[in-house]
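Trainee: One structure, pasted below without further comment.
None of the figures in this text is laboratory data; all of them are computed from the coordinates on show. For clarity, every value in this text was computed on a predicted model and none was experimentally measured. For neighbour counting, all protein chains shown are included, and Cβ atoms are generated from backbone atoms with ideal geometry for every residue, glycine included.
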Amino acid sequence: MKIGIVCYPTFGGSGVVATELGMALSKRGHEIHFITYKQPVRLEYLSNHIHYHQVNVPEYPLFHYQPYELALSSKLVDMVKLHQLDVLHVHYAIPHAYAGYMAKKMLKEEGIHIPMVTTLHGTDITLVGNHPFYKPAVTFSINKSDVVTSVSQSLKDDTLKYFDVKTEIQVVHNFIDSSKRKTTFEDCQRGIMAEEDERIITHVSNFRKVKRVDDVIRIFQKVTEKLKAKLIMVGEGPEIENAKNLARELGVFEKVIFMGESNEVNKILCFSDLFLLPSENESFGLAALEAMVNGVPVISTNTGGLPEVNKHGFSGFLADVGDTEKMAHYALEILTEDVELKKFKENAKKMASKFDIETIVPLYEEVYAKALQKS
Ligand code: GMT
């Protein structure tokens, strides 16, 4: 199939999922066309089945806001015609599903029928999309999609709760390519990061409010009262200064490494002992899955889709949002004894294998076939 993929090209979860999906589909013989404003960060040009088409929005002084949706839908029309695409797959409803629908309508005028698959990722539903300013347009474009998928059962439930959605929603969980991960302890070069008797705790996110990075610092501080540990904070975002200030206030700043955005997350996870994800909400928690596939147990909140990914008492533990006391207690349960830590590390890998790329990507192929039948 010739598949047009629309996504955010950033480090964020939806962009990562869309890019990894496109690369996996190209390896299975499909021709993939990424259509977005910048080359996706994780895109590797290893195959001649992968193309990238940039959406340009010319600046014009009259516009207070540059009309990205307009430029995107025009580009989609051009690319569908030029490359004779079979299906459009838009990731993140805002504004991609809306722009995709406009492209579909324009193409229909010319007698070209192309189905559109929309994948809902989380904040497009639970945070931004739910805002009254966007809600009618988001509801409309979800209902106009030929097939809608959501990355967890919890996100499906939220979508049906908050929006008047008529289109059936199919759950297709996020996935991970376990073959890309280093497996042996020696590969990890843990020694460059910490001393022998020190535990390494990691957090990776975009440091937005929803991630509750302050809670990461609080949990870490409580853990350091009982054992020797280091915290690695990977990512950039609006809450980073607050997190640094809190680390200073709680007297743990010297033990925290703020790495910024990194292309080497797998290397960092490889030598990590524990991953913290105390988010306010999380439709799936791809970051947790990336940790688990590297054999890193997870302490997370029990919100959104996290219970579908992290199994309490097996791959880690879950607690209520904001309950840093309990999360620190669980962290110590995992980290204190080597035997326990080893068990949780193995379990984390086992749990991650449920979301292997080989299982999930064929589900998307079925989704495309269904969309083609519908249009
Ligand atoms: O986590 C973020 O803030 C980024 C966001 C995105 O849209 O890129 O991630 C969302 O989509 C990911 C991929 O499907 C999910 O794994 C994340 O859980 C989800 N984030 C939230 O729901 C907060």
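Trainee: Can you give me the ranges of the strands (runs of 3 or more DSSP E) entirely in the stretch 29-97 with at least 2 residues that are surrounded by fewer than 20 Cβ atoms within 10 Å (Cβ to Cβ)? Show your work before the answer.
Mentor: Values: elements: 31-36, 50-54, 87-91.
Here the list reads 50-54.
Trainee: Here are 272, 262: which of them is among the hydroxyl-bearing types (Ser, Thr, Tyr) and either surrounded by fewer than 17 Cβ atoms within 10 Å (Cβ to Cβ) or within 16 Å of the ligand (Cβ to nearest atom) (or both)? Break it down stepwise before answering.
Mentor: Working: 272 fails: either surrounded by fewer than 17 Cβ atoms within 10 Å (Cβ to Cβ) or within 16 Å of the ligand (Cβ to nearest atom) (or both).
Just a single option satisfies the conditions, and that option is 262.
Trainee: To continue, here is another question. Return yes or no: is residue 301 of a type outside the set (Gly, Ala, Ser), over 20 Å from residue 177 (Cα atoms) and within 14 Å of the ligand (Cβ to nearest atom)?
Mentor: Values: of a type outside the set (Gly, Ala, Ser): yes; over 20 Å from residue 177 (Cα atoms): yes; within 14 Å of the ligand (Cβ to nearest atom): yes.
In short, yes.
Trainee: Could you figure out which of (1) without any contact (Cβ under 8 Å) to a residue 60 or more places away in the chain; (2) buried (at least 17 other Cβ atoms within 10 Å of the Cβ); (3) closer than 30 Å to residue 369 by Cβ isn't true of residue 213?
Mentor: Checking residue 213 against (1) without any contact (Cβ under 8 Å) to a residue 60 or more places away in the chain; (2) buried (at least 17 other Cβ atoms within 10 Å of the Cβ); (3) closer than 30 Å to residue 369 by Cβ, the one that fails is (3).
Trainee: Could you grab me the full set of residues in the stretch 1-28 that are away from the ligand (no atom under 14 Å from the Cβ), buried (at least 21 other Cβ atoms within 10 Å of the Cβ) and over 18 Å from residue 94 (Cα atoms)?
Mentor: 3, 22, 23, 25
Trainee: May I pose another question? Do any residues in the stretch 155-166 that are more than 20 Å from residue 14 (Cα to Cα) have Cβ atoms under 6 Å from those of residues that are surrounded by fewer than 19 Cβ atoms within 10 Å (Cβ to Cβ), where the two are at least six apart or on different chains, and which pairs are they?
Mentor: Between residues of the stretch 155-166 that are more than 20 Å from residue 14 (Cα to Cα) and residues that are surrounded by fewer than 19 Cβ atoms within 10 Å (Cβ to Cβ), the close pairs are 162/130; 163/139; 164/139; 166/143.
So that you can scan it fast, the table gives a plain yes or no per residue for (1) in contact (Cβ under 8 Å) with a residue 24 or more places away in the chain; (2) closer than 28 Å to residue 211 by Cα; (3) touching a Leu at 6+ places or on another chain (Cβ under 6 Å):
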| position | (1), (2), (3) |
| --- | --- |
| 4 | yes, no, yes |
| 10 | yes, yes, no |
| 13 | yes, yes, yes |
| 19 | yes, yes, yes |
| 24 | yes, no, no |
| 33 | yes, no, no |
| 48 | no, no, no |
